[in-house]
Amino acid sequence: MNIIGPELLIFGVDDVAACKQFALDYGLTAADEHRYVALDGTGIEIYPADDADLPAALPTGSAIRKTVYGVAEQADLDAITAELSKDREVKTLADGSIEAVDDLGFVLGFMVTQRKTLELPAEAVNAPGAAPQRGLNITAVSKEDVGTPRTLSHVVYFVPDFPKAEAFYRDRLGFVTTDRFTHVGPFMRPAGTTDHHTLFFIQTPPHMQGIEHFTFHMGGPTDVMTAGTNMVNKGYQSFWGPGRHIFGSNWFWYFKSPFGCNMEFDADMDLHDDSWTARESMPGADNSQVFLLQYREKWAPMGPPPPGAGGKPPGAP
């Protein structure tokens, strides 16, 4: 099954206006009344929580109503239909996509991907000992840079039984576990991508089941920093970051969102094929990031250094 990765996340929310504004401020573009997309067309759809056409909410009331995966071609949809029809209903919808429910109650959709192939420059780094990546007189940054999401990256679920969830996506849909946190859950990727993960499970009590966060890939760490700074300046609450993860190696910055979950910017994720051997670590700060930075407002060294910026600490004799 050539499942590429998440194509759309569909939400039923209490404050539609706030979610739509958040999506725009995050950097997505409004494709229509409900859909907000990255540069390649992957994205999210936002509906009122009481919209009768949405799949039913989880018993916990989590805003995520459906995760839609893109596949390479119709034959992949047929293969998924044949596999999942062995023990559950698989609906074929009017747009040709299919819909089913996984073993933990999350609604899944599958569609032939409509994402655009991107041909964009990536962040380039000049380093001693390596050939230049930027030519002479080409500057790396501009005050006008905004950092635009390129593609839907991954989704993370709170689940009450991660071994059951892992088994379903592995055995029924061909996902591969790339790394895992002991007693917490696995990072997984489908066969159609080499991204370190498009899915991660976090073990929680049943009353917490739902979406924990989702994220889009950016063009590089500078995009993460730029986009995150823009969010702080717009008044959104930073939750975690900026920093760089160990599993996946991706740069990150998470923000609280009106979707009832966190929303992340990420960049520069590791790529793996089937020769990779999954690692396992205990959860905790030392294994979650190689470093974590703290945001502060801009400052320039035009006078005495601010407290803690060097020299004697405040109050020192």
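Nothing in this text is a laboratory measurement; each read-out follows from the coordinates by a stated rule. Keep in mind it's a predicted model, so treat the numbers as computed, not measured. Please note: Cβ atoms are built from the backbone with ideal geometry, for glycine as well, and neighbour counts cover all protein chains shown.
Do the sum for the chain: with -39,500 (n - 2.57) for every DSSP H run of n ≥ 4, divided by all residues, what is the mean residue ellipticity at 222 nm, to the nearest 500 deg cm²/dmol?
Working: 5 runs with 49 residues, N = 317.
It comes out at -4500 deg cm²/dmol, rounded to the nearest 500.
Longest span of the chain, sites excluded, free of GluC sites (Glu not before Pro) in DSSP loop with at most 14 other C-beta atoms within 10 Å? Could the numbers behind the result be given before it?
Values: sites that count: 33, 73, 89, 119, 144, 297.
It works out to 145-296.
Using a ≥ b ≥ c from the Cα gyration tensor of the stretch 37-164 (square roots of the eigenvalues), is it rounded, prolate or oblate, where a/c under 1.5 gives rounded and otherwise the larger of a/b and b/c decides, a/b for prolate?
Working: a/c = 2.43, a/b = 2.10, b/c = 1.16.
Cα axes put the stretch 37-164 in the prolate bin.
Set the Förster distance to 22 Å, then compute FRET efficiency between residue 141 and residue 239 from the Cβ-Cβ distance, nearest 0.05. The partial results should precede the final answer.
Details: r = 25 Å, r/R0 = 1.15.
For residue 141 and residue 239, the calculated efficiency is 0.30.
Using every Cα-Cα pair within the chain, state what percent have a distance larger than 26 Å. Working shown, then result.
Details: 24985 of 50086 pairs.
The answer is 50 percent, as a whole percent.
Looking at the chain only, what percent of DSSP beta bridges run antiparallel? Nearest 5 please. Walk me through the numbers before you get to the answer.
Values: 46 of 70 bridges.
Given both bridge residues lie in the chain, the antiparallel proportion sits at roughly 65 percent.
If Lys and Arg each add +1 and Asp and Glu each add -1, what is the summed charge of the other residues whose beta carbon sits under 10 Å from the beta carbon of residue 250?
Numbers: positive: 244; negative: 195, 264, 266, 268, 270.
Net of charged neighbours comes to -4.
For the stretch 10-53, report the convex hull volume of the alpha-carbon atoms normalised per residue, in Å³, without decimals. The partial results should precede the final answer.
On the way: hull volume 2.7 nm³, N = 44.
Cα convex hull per residue, to the nearest whole number: 60 Å³.
Between residue 279 and residue 298, what is the label-to-label distance in nm when each label sits 7 Å out along the Cα-to-Cβ direction?
If labels sit at residue 279 and residue 298, their model points lie 3.7 nm apart.
Expressed as a whole number of Å, what is the distance separating the alpha-carbon centroids of the stretch 218-239 and the stretch 1-68?
Comparing the Cα centres of the stretch 1-68 and the stretch 218-239, I get a distance of 20 Å.
With unit charges on the beta carbon (Lys/Arg positive, Asp/Glu negative), name the residue among 199, 240, 156 whose Cα is farthest towards the positive pole of the charge dipole of the chain.
Result: 240, furthest along the dipole toward the positive end.
What chymotrypsin sites (Phe, Trp or Tyr not before Pro) does the stretch 1-89 have in DSSP loop regions with at most 12 other beta carbons within 10 Å? Mind showing how you got there, number by number?
Working: sites: 11, 22, 26, 36, 69; in loops: none.
In loop regions of the stretch 1-89 (DSSP not H, G, I, E or B), there are no sparsely surrounded chymotrypsin sites (Phe, Trp or Tyr not before Pro).
Does the stretch 1-101 come out rounded, prolate or oblate by the C-alpha gyration tensor, with a ≥ b ≥ c the root eigenvalues, rounded set by a/c under 1.5 and, if not, prolate when a/b is larger than b/c and oblate if not?
Working: a/c = 2.59, a/b = 1.46, b/c = 1.77.
Oblate, because a/c is 1.5 or more while a/b does not exceed b/c.
Let me know the shape class of the stretch 195-269, please: from the alpha-carbon gyration tensor, a ≥ b ≥ c as square roots of the eigenvalues, rounded when a/c is under 1.5, otherwise prolate if a/b is greater than b/c, or oblate.
On the way: a/c = 2.41, a/b = 1.23, b/c = 1.95.
Oblate shape, in that a/c is at least 1.5 and b/c is the bigger or equal ratio.
Which is the longest part of the chain that has none of the trypsin sites (Lys or Arg not before Pro) sitting in a DSSP loop with at most 16 other Cβ atoms within 10 Å? Before the final figure, lay out each step's value.
Values: sites that count: 86, 88, 116, 134, 143, 234, 296, 298.
Counting only loop sites that pass the neighbour cut-off, the longest clear stretch is 144-233.
So how strong a dipole does the chain carry about its Cα centre when Lys and Arg Cβ are +1 and Asp and Glu Cβ are -1, to the nearest 20 debye?
On the way: 24 positive and 41 negative charges, 234 e Å.
With Lys and Arg at +1 and Asp and Glu at -1, about 1120 debye.
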